[in-house]
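Everything on this sheet refers to the single structure shown next.
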Amino acid sequence: MKARVTVTLKTGVLDPQGKAIEGALASLGLAGVTSVRQGKVFDIELASTDQAEARANLTAACEKLLANTVIENYHIGLEA
Amino acid sequence: MRASVITFPGSNREGDVARALRLAGAHVSPVWHEDKTLPERTDLVVLPGGFSYGDYLRTGAIAARADIMDAVRAHAERGARVLAICNGFQIACEAGLLPGVLARNAHLRFVCRRQHLRVERTDTAFTSAYASGSAIDVCIAHGEGNYICDAATLERLEGDGLVAFRYCDAEGHVTPEANPNGSLNGIAGIYSAQLNVLGMMPHPENLIEHLAGGIDGKGLFESLMGAE
């Protein structure tokens, strides 16, 4: 089974990299971009075929390593 | 005093901090991150600076999960001392030894320069050799030193006197201009609740000899030697 985990900064946490990208887009003349927040994507392959088991394993992976839950949120997406 | 200096893949300041400890009179043992236990009778664990695991994922994140860190956590939980410098501070936060996170510097630039710090209290094992309220001149070298934590944690750190050092100017004034990375309240270093773990972004081990431009870092190692 394949999974995609996305890790994003919590609302309110300063994201200087996102701000710099936002500024670069503006300097390219791309109109209408009002905010950019940078995050991380992890494409993960799992031996398990059981959705619940996969989700439990990925939740543990996020809590233990992939995200720092002081400043980051995570989202687990499972491909059928 | 018996100090154990942990080396992770990508650590690069373990030699300097070991030298500073030896010059102060400590017995220093090098410890590899894959070790499961600390040398017997370790008084002080040092998590040195560097770029462990190339700063992959988040600074300090992978080193914080190394085999040796369970022993380091147990050491800290017993009330024994841990000194975590720069990347070591990032590792200590990721490992849960200290609260909060060292985020990317607010201005996005790596800073490598001299920096004054205000010593917030001089009644701890790490700072007793410094004069109260003094501004010491040390070095900083980091890209992720912007200390952030939630409001409740910040209130606890401030209320319980757990801020160890703040970035300041040469006169000891903590100002926005003296803050090199955007850290909350100018925080450069913090203590654990029991004052036995110190995490700090600046490098006291850089300035222990006049030849290198100053000796204001020595006080920290002398304090540790004098502590029971």
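Coordinate-derived values only; no laboratory data. Quick caveat, the model's predicted, so the values are computed rather than measured. Positions of Cβ are generated from backbone atoms using ideal geometry, with glycine treated the same way; all protein chains shown enter the neighbour counts.
Being surrounded by 11 or more Cβ atoms within 10 Å (Cβ to Cβ), part of a loop (DSSP other than H, G, I, E, B), within 13 Å of chain B (Cβ to nearest Cβ) and aliphatic (A, V, I, L, M) narrows it down to one residue among A:Val33, A:Val70, A:Val7; which is it?
Numbers: A:Val33 fails: within 13 Å of chain B (Cβ to nearest Cβ); A:Val7 fails: part of a loop (DSSP other than H, G, I, E, B).
On inspection, the qualifying residue turns out to be A:Val70.
Run A:Lys64 past the list (1) within 13 Å of chain B (Cβ to nearest Cβ); (2) surrounded by 11 or more Cβ atoms within 10 Å (Cβ to Cβ) and report the number of the one that doesn't hold.
Only one criterion in (1) within 13 Å of chain B (Cβ to nearest Cβ); (2) surrounded by 11 or more Cβ atoms within 10 Å (Cβ to Cβ) is unmet by A:Lys64, namely (2).
For the stretch B:171-187, give me each residue that is in contact with a Lys or Arg (Cβ under 8 Å, 6 or more places away or on another chain), closer than 23 Å to B:Asn87 by Cα and buried (at least 16 other Cβ atoms within 10 Å of the Cβ).
B:Pro180, B:Gly186, B:Ile187
Kindly evaluate A:Lys40 against the criterion of being basic (Lys, Arg), closer than 25 Å to A:Lys64 by Cβ and within 12 Å of another protein chain (Cβ to nearest Cβ). Working first, answer last.
Details: basic (Lys, Arg): yes; closer than 25 Å to A:Lys64 by Cβ: yes; within 12 Å of another protein chain (Cβ to nearest Cβ): yes.
When the stated conditions are applied, A:Lys40 passes them.
Can you tell me which residue is nearest to B:Ala170 (Cα to Cα) among those in the stretch B:112-137 that are touching a Ser or Thr at 6+ places or on another chain (Cβ under 8 Å) and part of a strand (DSSP E or B)?
B:Arg118
Within the stretch B:140-170, count every residue that is more than 19 Å from B:Gly60 (Cα to Cα) and surrounded by fewer than 21 Cβ atoms within 10 Å (Cβ to Cβ).
So in the stretch B:140-170, the residues more than 19 Å from B:Gly60 (Cα to Cα) come out as B:150-170.
Imposing the further condition that a residue be surrounded by fewer than 21 Cβ atoms within 10 Å (Cβ to Cβ) reduces the set to B:150-156, B:158-161, B:169-170.
Of the residues in that region, 13 qualify.
Do we have any residue at all in the stretch A:16-23 that's among the β-branched types (Val, Ile, Thr), buried (at least 16 other Cβ atoms within 10 Å of the Cβ) and outside any strand (DSSP E or B)? Explain how you work it out, then say what you get.
Narrowing the stretch A:16-23 to residues among the β-branched types (Val, Ile, Thr): A:21.
Checking which are buried (at least 16 other Cβ atoms within 10 Å of the Cβ) leaves us with none.
Scanning the stretch A:16-23, I find no residue that is among the β-branched types (Val, Ile, Thr), buried (at least 16 other Cβ atoms within 10 Å of the Cβ) and outside any strand (DSSP E or B), so the answer is no.
Determine whether the stretch B:79-87 contains at least one residue that is touching a Ser or Thr at 6+ places or on another chain (Cβ under 6 Å) and within 28 Å of A:Ala61 (Cα to Cα). Walk me through it before giving the result.
Residues of the stretch B:79-87 touching a Ser or Thr at 6+ places or on another chain (Cβ under 6 Å): B:87.
Going one step further and asking which of them are within 28 Å of A:Ala61 (Cα to Cα), we end up with B:87.
Looking for residues that are touching a Ser or Thr at 6+ places or on another chain (Cβ under 6 Å) and within 28 Å of A:Ala61 (Cα to Cα), one finds at least one in the stretch B:79-87, hence yes.
For the stretch B:144-153, does any single residue satisfy the condition of being of a type in the set (A, V, I, L, M, F, W, C), in contact with a His (Cβ under 7 Å, 6 or more places away or on another chain), touching a residue at least 40 places away in the same chain (Cβ under 8 Å) and part of a strand (DSSP E or B)?
Within the stretch B:144-153, the first condition is being of a type in the set (A, V, I, L, M, F, W, C), and the residues that meet it are B:148-149, B:151-152.
When the remaining residues are screened for being in contact with a His (Cβ under 7 Å, 6 or more places away or on another chain), the result is none.
Within the stretch B:144-153, not a single residue is of a type in the set (A, V, I, L, M, F, W, C), in contact with a His (Cβ under 7 Å, 6 or more places away or on another chain), touching a residue at least 40 places away in the same chain (Cβ under 8 Å) and part of a strand (DSSP E or B).
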